[in-house]
Amino acid sequence: MDLLHQVINYLVETIGSLGYIGIFCLMFLESTFFPFPSEIVMIPAGFLAHKGDMNLFMVLFMGVGGSLSGALLNYYLSKTLGRKLILKYGHYIWFKEDTLAKVEDFFAKHGEISTFNGRLIPVIRQYISLPAGLAKMNIFKFSIYTTLGATIWVSILTLLGYFLGNNSELINSYLKQITIVTIIFIILLTILYLKKKR
């Protein structure tokens, strides 16, 4: 637990020294191929906002902006290089051309809900941009739904830090509960979406 407090304190100091640009850059990396938990960025940033060292709205803006920028990088890399690489090397990981066609067809039909939901699910949020890019999802729609999903998640983490400070035990407890509630929300939203589609 002492080590965890040391890590949190180090991150608070680091983000504090880098400022808003630090939040943007770290969240940019979190959304690309070098993922690490967004919790270690936004929760300390929320704590700094609570202390008055940062502006809460600027913290949220830079966090969401970094998330969207990283997602767009993945999207464009996947859109321009993904298909070529998969067709050339996909058989090494049992990813065939007909599987690629299914992914493209799925995102053509359900890209919006998949992008939004994906931004709210741990681990998946970093990689949901890749199939969207492969399927050449409309960039405007991709940006809108990525921003909506990122805004919800970034706000949750920032407000945890804002109201709970560096109380790691309470943060972990609430984060688990919020993750469960979020997954239930996603399931219900998907059911409603599918009913509407039918």
Please pick out the residue among 62, 54 that is surrounded by 15 or more Cβ atoms within 10 Å (Cβ to Cβ), modelled with pLDDT of 80 or more, touching a Phe, Trp or Tyr at 6+ places or on another chain (Cβ under 8 Å) and not in a helix (DSSP H, G or I).
54
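Just to be sure, is residue 47 modelled with pLDDT under 90 and not in a helix (DSSP H, G or I)?
Details: modelled with pLDDT under 90: yes; not in a helix (DSSP H, G or I): no.
Answer is no for this residue.
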Hey, can you tell me all the residues within the range 139-164 that are among the aliphatic types (A, V, I, L, M) and surrounded by 17 or more Cβ atoms within 10 Å (Cβ to Cβ)?
150, 154, 156, 157, 159, 160, 164
The range 110-119, residues that are at pLDDT below 85 and not in a helix (DSSP H, G or I)
none
Just checking, how many residues over the range 15-44 are assigned to a helix (DSSP H, G or I), modelled with pLDDT under 70 and closer than 30 Å to residue 76 by Cα?
1
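Using the structure shown, decide if residue 175 is in contact (Cβ under 8 Å) with a residue 60 or more places away in the chain and surrounded by 14 or more Cβ atoms within 10 Å (Cβ to Cβ).
yes
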Selected residue (criterion: nearest to residue 175 (Cα to Cα)) from residues of the range 105-120 that are surrounded by fewer than 17 Cβ atoms within 10 Å (Cβ to Cβ) and of a type in the set (A, V, I, L, M, F, W, C)
106
Conditions (1) part of a helix (DSSP H, G or I); (2) closer than 13 Å to residue 113 by Cα; number of the one not met by residue 153
(2)
Being buried (at least 21 other Cβ atoms within 10 Å of the Cβ), among the β-branched types (Val, Ile, Thr) and within 16 Å of residue 60 (Cα to Cα), is that true of even one residue in the range 128-138?
no
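Could you tell me how many of the residues in the range 152-175 are of a type in the set (A, V, I, L, M), modelled with pLDDT under 90 and in contact with a helix residue (DSSP H, G or I) (Cβ under 6 Å, 6 or more places away or on another chain)?
4
The values are calculated or read from the model by the stated rules, or taken from the named source; none is laboratory data. Since we're looking at a predicted model, the values are computed, not measured. Cβ: placed from backbone, ideal geometry, glycine included. Neighbour counts: every protein chain shown.
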